[in-house]
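I have placed the structure first, in the form of structure tokens, so that the comments after it can refer back to it.
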Amino acid sequence: VQLQASGGGLVQAGGSLRLSCAASERTFSTYVMGWFRQTPGKEREFVAAMSWSGGRRYSADFVTGRFTISRDNDKNAVYLQMNNLKPEDTAVYYCAVDPDTRVPSSRQNDYVYWGQGTEVTVSS
């Protein structure tokens, strides 16, 4: 599975961005998809994940109420709608696929396939 993330950019605090991640294979539609982020000097951290059906979603506490993960299995795509962005949201955002479990996970080791990352910069 190859993943292509896009949608990053520069935005002012309080603004919004929508990240997209396109998968190369139809089998994507049966996998858990997740978003992680990383800033220089820090470990990569979990942002959000959802099951293939969308019935289960799991988000980090720091994005609750601001970020929403969604997916379109017909388009082999997963999205991250980010609202009310803060300067501390500045990071490279990665999408990832967990092909083995059915429950969204925050553990990086559960994700086998990773996109190349898309950079988000939030100015104050």
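The values are calculated or read from the model by the stated rules, or taken from the named source; none is laboratory data. This structure is a prediction, so every number in the text was calculated from the model and none was measured. We place every Cβ from the backbone using ideal geometry, glycine too, and count neighbours over all the protein chains shown. Side chains included, ligands, DNA and RNA excluded: accessible areas come from the protein's heavy atoms. Shrake-Rupley method; radii C 1.70, N 1.55, O 1.52, S 1.80 Å.
Overview of values
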read-out: Failed condition for S59, given (1) farther than 19 Å from Q2 by Cβ; (2) touching a residue at least 24 places away in the same chain (Cβ under 8 Å); value: (2)
read-out: Filter result (under 29 Å from S123 (Cα atoms), of a type outside the set (G, A, S) and open to solvent by 20 Å² or more (accessible area, probe 1.4 Å)) within the range 38-57; value: Q38, T39, P40, K42, E43, R44, E45, F46, R57
read-out: Checklist (1) open to solvent by less than 10 Å² (accessible area, probe 1.4 Å); (2) farther than 21 Å from A22 by Cα; (3) aliphatic (A, V, I, L, M) applied to A60, failing item; value: (1)
read-out: Hey, S16 hydroxyl-bearing (S, T, Y), within 15 Å of V1 (Cβ to Cβ) and surrounded by fewer than 17 Cβ atoms within 10 Å (Cβ to Cβ) or not; value: no
read-out: Scope the range 106-122; condition open to solvent by less than 40 Å² (accessible area, probe 1.4 Å) and either assigned to a strand (DSSP E or B) or in contact with an Asp or Glu (Cβ under 6 Å, 6 or more places away or on another chain) (or both); matching residues; value: D110, Y111, T118, V120, V122
read-out: Filter result for the condition that a residue is modelled with pLDDT of 90 or more, under 13 Å from S106 (Cα atoms) and within 15 Å of the chain's Cα centre (by Cα), over A5, A22, A49; value: A49
read-out: Pairs where the first residue, in the range 104-124, is farther than 20 Å from E88 by Cβ and the second is buried (at least 18 other Cβ atoms within 10 Å of the Cβ) and among the aromatic types (F, W, Y), C-beta under 6 Å, 6+ apart; value: W114/Y94; G115/Y94
